[in-house]
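Shown next, in structure tokens, is the structure this report addresses.
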Amino acid sequence: MTISFYAFLCGFLALTAVVAAEIEDILSAVISLSVFGILLAIAFAILQAPDVALTQAVINSGLVTSLFLVAYSQTEKQQFRRKDKK
Amino acid sequence: MIKLSYATAIFIFCIGLYTIISKRNLFKTVIGLAIMESAVLLLIVTSGYIPGGVPPLLPMNGVAVNPLPQAFTLTAIVIGASDVALALALVIKLHRRYGTVDLDKIRGLRG
Amino acid sequence: MHRSSVFFRLATLLFCLCLGWWFWKGIEALEHTGTLTGPAVHYVARAAEETGASNLVGAILFDYRALDTLGEATVIYTAVCGIAMLFSRSKYRKSSTGLSFIVKRGLGFVIPFILLYAAGIVLMGHLTPGGGFQGGAVFATMTILFCIVYGSNFEAARINPKIKEFIESSGAVMFTLIGLVGLIAGAGFLANSAAGFPTGRVGSVLSGGTIPLLNIAVGMKVGAGLSTIFYSMVKLLEVKYEDAVEVDRP
């Protein structure tokens, strides 16, 4: 891999990390974290680590994202209930 | 290329630390924790890289990269995922007790 | 000063960047020669004869450093126990609606292939990249798909939570029993070829001694553990507010 491709990938990683940290809406931040996980898996594959890339892609972009979404939906229910009972 | 990787990992670690310190929403704290753990994993895997190396599988033609950092990165990924899951479970319990996930309001209530 | 004032955020950012500069000064002093150093030289040169596995990372995880893998299985078990304990006194209501009919039928075609993929990753962990952790995580993702598409009612009926607890515990017990076989044979806990397990021919499926068995044990534990975590967090979705969830949010 050429160094310019790897530099582009690192810049994109830093950009998604900044977006996941700064953005106000939680759903957008969680999706940005999932994209960060996939880009990190690509970076591991470029660094000649196929085991680690496979584990990172399955666990961080499949499991952790779905756990975040379940937690987010559990903490939103209260507001729905208040709107329905009004 | 190795120095670029190290610089990116340290920068992402600092962004994660900044998120944990200065954000009010508890979900942002957990996101910052996940970002910090991923930065450390990138740092560890880069430390075992050899330029021009091949993956450490056995029909090997060339110099293999160091397989030791990859072995403990595998363990660290799974431990990081279980620790994020436990943090999210604690956030759900806090929301059930206080009704909000805003840290300033939770501190103001004080039970 | 308030947490969200500009001065506080700039000061925090400056502090974090100073910390980052300090880390950079430390990391820059690491030297990178073009060759392997340390214990990796022995592992890369001698792993094929001593363990019989082709995947060097798998050989390190399950033969040379198998005690660390046992510790990591304990960490997963602790997290699963903690989460199940936090949600144990909640009232148990199941949601029985899933997604639409097309998604359900479509997933029914895909599920056997996903299971085959997970089993292939676990069983060929000593030959190709993969192993117990990856296969267990794919299996847990499959049970999450079941929960989302068919509703958690169906998922609890098909794969009983008690069966999941049993699989997880028996994975850990199998790992420890294989280690005790090495201790009984006089070679040390979790010993591979020194305890009499056959190493076989490098590159065939029946090779590696204890490595395929430990892969299966870890795959069972990780898959059942991560699936129990998801199921504990999702089993409280209430049935009454189903239509409130499906309304489009502005």
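Laboratory data are not the source of any read-out in this text; all were calculated from the coordinates shown. Predicted model, so just to flag it, every value in this text is computed and none were measured. With ideal geometry, Cβ positions are generated from the backbone for all residues, glycine too; neighbour counts draw on all protein chains shown.
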Checklist outcome for this item: Sorted largest first, the C-alpha extents of chain A along its principal axes in whole angstrom are 61, 25, 11
Item to check | Computed label-point distance, nm, for sites C:GLU165 and B:ARG97 using a 7 Å Cα→Cβ extension | outcome: 2.5 nm
Checklist outcome for this item: Over 32 Å (Cα to Cα) among C:LYS104/C:LYS235; B:LYS3/B:LYS93; B:LYS3/B:LYS105; B:LYS23/C:LYS104; B:LYS105/C:LYS162 -> B:LYS3/B:LYS93; B:LYS3/B:LYS105; B:LYS23/C:LYS104; B:LYS105/C:LYS162
Checklist outcome for this item: The rounded separation in angstrom of the Cα centers of region C:7-31 and region A:21-70 is 24 Å
Checklist entry - Using unit Cβ charges (K, R positive; D, E negative) and no other charged atoms, how large, in debye to the nearest 20, is the dipole of chain C about its Cα centre? => result 760 debye
Item to check | Spin-label proximity, B:LYS3 to region B:41-71 - amide N less than 19 Å from point 7 Å beyond Cα toward beta carbon | outcome: B:43-44, B:46-52
Checklist entry - To the nearest whole number, what is the average tally of beta carbon atoms from other chains within 10 Å of the beta carbons of peptide A:14-22? => result 6
Checklist outcome for this item: For region A:56-64, Karplus-derived ³J(HN,Hα) couplings (6.51, -1.76, 1.60; θ = phi - 60°; whole Hz; x for glycine and proline) come out as 5, 5, 6, 6, 6, 9, x, 7, 5
Item to check | Contact order relative to length of region C:95-186, as percent, for alpha carbon pairs under 8 angstrom and 6 or more apart | outcome: 29 percent
Item to check | Full-extension gain in nm, C:HIS42 to C:THR74, via 0.36 nm per residue minus C-alpha separation | outcome: 8.7 nm
Checklist outcome for this item: With 0.36 nm assigned to each residue of separation and the Cα-Cα distance removed, C:LEU67 to C:LEU17 gains 14.2 nm
Next on the checklist: What distance in nm separates the two pseudo spin-label positions at C:ARG201 and A:LEU15, each 7 Å out from Cα along the beta-carbon direction?
Outcome noted: 5.2 nm
Checklist entry - In which sequence would C:HIS126, C:HIS32 go, from the one with the fewest C-beta neighbours within 10 Å to the one with the most? => result C:HIS32, C:HIS126
Item to check | Inter-site label distance for B:VAL54 and C:SER88 at 7 Å from Cα along Cβ, in nm | outcome: 5.3 nm
Checklist entry - If you plug each phi of region C:31-36 into the Karplus form 6.51 cos²θ - 1.76 cosθ + 1.60 with θ = phi - 60°, what whole-Hz ³J(HN,Hα) values come out, in order, with x for Gly and Pro? => result 9, 10, 7, x, 10, 6
Checklist entry - What are the extents of the Cα atoms of the protein assembly as shown along their three principal axes, listed from largest to smallest and rounded to whole Å? => result 73, 54, 42
